[in-house]
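**Student:** This structure is in structure tokens; I'll ask about it shortly.
Just so it is clear, none of the values below were taken in a lab; they were calculated from the coordinates. Just so it is clear, the structure is predicted and the values come from calculations on it, not from any experiment. Glycine also receives a Cβ, built like all others from the backbone with ideal geometry; neighbour counts cover every protein chain displayed.
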């Protein structure tokens, strides 16, 4: 998406090579009919209220459309009657008009409120669905579908549906209702004049269809264009420091200008399509009015039509064709919402590659007072979908309570091993067992309680420090939180923050260094109290005393727990019962630290190198 | 959570919207023409009833068939004219308004890139994003419809009322009856709606923040199985938003009801009075028909005012939110360089540097206090200190990511405040602890650190120094796309690329913030060996946590309590400074004594 493409992304042929998958172009396959099904499933639970809203609108239109009839009646009947001193009909007109006007107003109020409730509930449902679904999708998905796109799905795309519901749908229903009402009334007033009005909808329909087709294409392009703008925007704001340090501002401005221009162009195209439509529809409508006036006036002159009927017909025509422009606005929001809904449906159609089990099994009750559990990798092999094999088939058993350090160079497959154990990925072949239960059969909530992973990227959420630690266990008390922070050596710096544990990490004075963030992440993990703890280079930003403090804490915390510690600093290894050395996806050495250090293998080399560095 | 609402300045909607003028100015000719065309089109619609009146009272009453033809022809011509004019209006504004939106967005983006880092520390990017997207779309919509149509409708209503008054002033006055109560209601409505719509927009921003964080922090959420509580937070916010939106709808419903009912009652009254006059022979039937068609033709103009005001109000709020960010001061302008004698190679010097975050309370202790440091040309100095002691902050001062509060930093004797940032940042290369790669190829990411002329040779050398030769083995070699849009690399891989980026331009000054933290021991040793050569000819400041990194440097400075507590070689400090020994070995201080 960095290079501007002028071809329609939707039509681009999928590239066969490794990175030419749909993720690159922001067009996830949407199963046919998924968009419609999504819309239906959103509206079905609200059926009753949708019906009520429709009824209110039906009545409201009836009240509104009665007034020209009253005009016709007044001119043709009440005026002669009044002249003949019969005041009854005119009083009836007055009462009728007052009634219609008040009803129209009251019903309008009721309708807007009812419609807003329906709309807001649909949006609430949809926002929630996208959010929950995005959260349920696997890490694998998140690594390929960029955060910017995901964000634009739940912001701009939902926003365009909101526009459709708020303005468009109401317009559409109102348009249909008023059209039907008016056509029926016109036909009733005068069959001939009514027929001309009805006939005019033939060409109008054709115009609308043509517009829909053309605008649909433009809107899809526009939605892709704005997503690209968002991706660039988010990336820049999140990487603002390197942007500054490497003087990327001007280059970024230029890149952004290209994306922004593309959006500007598609946006302009969309508006121009609309202009064309307006000219066409207005021409048809106004020609029909002229025809009806011509014919009607002829007949009034020939005494075959009452003047009041012609007056009413003209008044109705005005109302008949007035909403046609607004119908285009509906088509507008419909097009953009349809494009957005299609993308949302595409996202929702992605199945988590790490799904909830169909028939979940429970973990066996802990046999001892120790919280740890046994982990078995049984004939596990892992390869990316695209084919690159990361871990060739291997077997590995981590007994209950063992702390295992995994070392090896970057890219040796340590993190993949950890991610398999945390079930961020599922193995390509074989199974990963926790106390004899395949991870795939465990309910995900139970799995996450049992297995916790701390990674080196220590992201903090907005909120207070305490809240960030409590992510580990939401029901934890303040004492629990402080205990965890103390155990890990984070209490001191947290207390020194302006508001201590209640400091908002994004507010003034809440600046927290990378090392401190890792401490928070550790406290979080400690608080979670898992059976299996995975630390993936979780101490990389700590200074040595910090790391030591963490290790001391770990030595007690890990007591009885099963732990996998991935580290490139060998100091961590000292707390391990066992060391695995990995290389090119294979476990090449396996033994206690003492055995390996005194041996002649790679670990002994590594250890020597590390010792030297401490000199 | 919402940083946006710190000080909601109360401005009137009109004053907020007036601030859009500089952006609208370039397209003003088109916009005014379009408004004029729209007024013309609208008035064309008002002439049609007059033609009808002429037909009813003239040819129809006189049974004059050719007159009827003439009248109908007029109606057709007016109708076609109206169609073309309305189309013309849209055609006139389509491109210019998209352009205004794009310009405002580019302006925001450019401005954000140049705001102080401290600003970005405070603002969640979700709040910024919602300004760049939703808010600007609202502004465009405002310029396209309400702005024009409030004017057009106003003129149409005035012209319509005048036509009606000329035809029959008593009926005209009856129609004007509800004008005052409608205006009063609109004013009341505008005020309340402003508050609610501001609240709704801020809540959208907060919701965006939650969405964004839950995407960025997905590994943590998944790792702790916290998607439920995250979903709960999301649900709470979206419920709040729903409540606000419903309140908005209610206000809108009231104003709609008023706007629909009152004028309609007036039309009804006019009808009755008119009928009486026609019956008494004071008024022609044609005039009554024309009068009523004019009144009803004005219906849309009056009714739409409610929704036009609502959009205007939202646009005003959006504009306010937009300028809230645009009004933030950029990094201070670069001072013109005074002609200070440049003393040749002098290295990097800190002279009594004190730093306090600009948004910190003025009575809080500064993060850095009276820092004096001299890194000689070609020398590298390691900076050591406990977690949170301000090391990263100190390094951020050199490329002026933050500005010193007092004191000076000089590069080869030249004050960094006297250089343009552009020049300064070209001289100083930085590798951050959190290595960020941009959506570009590996090669482009690395070459960002070099002059434009740098090519293959420089790239290969930098990759070799950083031991990032894995880049050649990627699917498309150094052309492989990485970052948000591309292949995801491991932390260690990213860090090595970031290091390559720092050294690729052979900078005079190098600032490395714990550049090897994510590397395994083997790679680290190899990188160190290669880095030594680079460091031999560079003046470098290196934040270090580990002895191995410290050993890259010629000397070490210990940062403690915001001050430089000790300076010397690694071995000197190990012997003489207990805090340093503690930091470097992790052993208890007693043991070292």
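**Student:** Taking chain B as the reference, fit the longest principal axis to its C-alpha atoms, fit the long axis of helix B:146-167 to the helix C-alpha atoms, and give the angle between the two in degrees, 0 to 90, nearest 10.
**Tutor:** Approximately 10 degrees, to the nearest ten.
**Student:** So for the protein assembly as shown, Kirkwood radius off the Cα pairs, Stokes-Einstein at 37 °C and 0.692 mPa s: how many µm² s⁻¹?
**Tutor:** It diffuses with D of about 97 µm²/s by this estimate.
**Student:** Just subtract the alpha-carbon distance of residue B:436 and residue B:453 from 0.36 nm times their residue separation and send over the number in nm, one decimal.
**Tutor:** 3.8 nm
**Student:** Sticking with this structure for a sec: Stick to the Cα atoms of segment A:44-348, pair each with every other, and give me the Kirkwood hydrodynamic radius in Å at one decimal.
**Tutor:** 23.0 Å
**Student:** Please give the length that would be gained between residue B:469 and residue B:70 if that part of the chain were fully extended, namely 0.36 nm times their separation in residues minus their C-alpha to C-alpha distance (nm, one decimal).
**Tutor:** 135.1 nm
**Student:** With a ≥ b ≥ c taken as the square roots of the eigenvalues of the C-alpha gyration tensor of chain A, please select rounded if a/c is under 1.5 and otherwise prolate if a/b is larger than b/c or oblate if it is not?
**Tutor:** Taking the square roots of the gyration eigenvalues as a ≥ b ≥ c, chain A is prolate.
**Student:** If I model a spin label as a point 7 Å beyond the Cα along the Cα-Cβ vector, how far apart are those points for residue B:351 and residue A:212 in nm?
**Tutor:** In this crude spin-label approximation the distance works out to 7.5 nm.
**Student:** Can you show me the helix-derived [θ] at 222 nm for chain B, built from DSSP H runs with n ≥ 4 at -39,500 (n - 2.57) apiece and divided by the number of residues, rounded to the nearest 500.
**Tutor:** It lands at -20000 deg cm²/dmol.
**Student:** Rounded, prolate or oblate for segment B:121-199? Axes are the square roots of the Cα gyration tensor eigenvalues, ordered a ≥ b ≥ c, and the cut-off for rounded is a/c under 1.5.
**Tutor:** Verdict is oblate for segment B:121-199.
**Student:** Which FRET efficiency value, to the nearest 0.05, do you get for residue A:144 and residue A:486 by plugging their Cβ-Cβ distance into 1/(1 + (r/R0)^6) with R0 = 30 Å?
**Tutor:** It comes out at approximately 0.15.
**Student:** Estimate the FRET efficiency between residue B:232 and residue B:572 by the formula 1/(1 + (r/R0)^6), using the beta-carbon distance for r and 45 Å for R0, to the nearest 0.05.
**Tutor:** So, using R0 = 45 Å, E works out to roughly 0.20.
**Student:** Further question on the same structure: What's the average, rounded to a whole number, of partner chain beta-carbon atoms within 10 Å of each residue's beta-carbon in B:294-301?
**Tutor:** 3
**Student:** So, one more: Quickly work out the residue B:183-to-residue A:396 label distance, labels modelled 7 Å from Cα along the C-beta direction, and quote it in nm with one decimal.
**Tutor:** Result for the modelled spin labels: 8.0 nm.
**Student:** What value, in deg cm²/dmol to 500, does the helix sum -39500 (n - 2.57) over DSSP H runs of n ≥ 4 give at 222 nm once divided by the residues of chain A?
**Tutor:** Theoretical 222 nm ellipticity from helices: -19500 deg cm²/dmol.
**Student:** If I fit a long axis through the Cα atoms of helix A:478-488 and take the longest principal axis of the Cα atoms of chain A, what angle between them do I get, 0 to 90°, rounded to 10?
**Tutor:** Relative to chain A, helix A:478-488 is tipped by roughly 40 degrees.
**Student:** Under the definition of partner shielding as Cβ atoms of other protein chains within 10 Å of a residue Cβ, what is the mean value for peptide A:274-286?
**Tutor:** Averaged over the peptide's residues, the number is 6.
**Student:** A further question on this structure: Compute the FRET efficiency between residue B:19 and residue B:374 as 1/(1 + (r/R0)^6), taking r as their Cβ-Cβ distance and R0 = 45 Å, and round to the nearest 0.05.
**Tutor:** E(calc), rounded to 0.05, equals 0.40.
**Student:** For residue A:574 and residue A:350, compute 0.36 nm times the residue count separating them, minus their Cα-Cα distance, and round to one decimal in nm.
**Tutor:** Once the chain is fully extended between residue A:574 and residue A:350, it gains 76.3 nm.
**Student:** Moving on to the next point. With the cut-off at 24 Å, report for segment A:375-614 the share of all Cα pairs above it, as a whole percent.
**Tutor:** The proportion of pairs with Cα distances above 24 Å equals 47 percent.
**Student:** Just from the alpha-carbon atoms, what are the Rg and Dmax of segment B:348-592 in angstroms?
**Tutor:** Rg, Dmax (Cα atoms, Å): 18.2, 55.
**Student:** Take residue B:61 and residue B:77, extend 7 Å from each Cα along the Cα→Cβ direction, and tell me the distance between the two endpoints in nm.
**Tutor:** Distance between the two pseudo-spin positions: 2.4 nm.
**Student:** Using only Cα atoms, tell me the angle between helix A:170-189 and the longest principal axis of chain A; keep it within 0 to 90° and round to the nearest 10.
**Tutor:** 20 degrees
**Student:** With the Cα gyration tensor of segment A:410-459 giving a ≥ b ≥ c as the square roots of its eigenvalues, does the rule (a/c under 1.5 for rounded; else a/b larger than b/c for prolate; else oblate) give rounded, prolate or oblate?
**Tutor:** oblate
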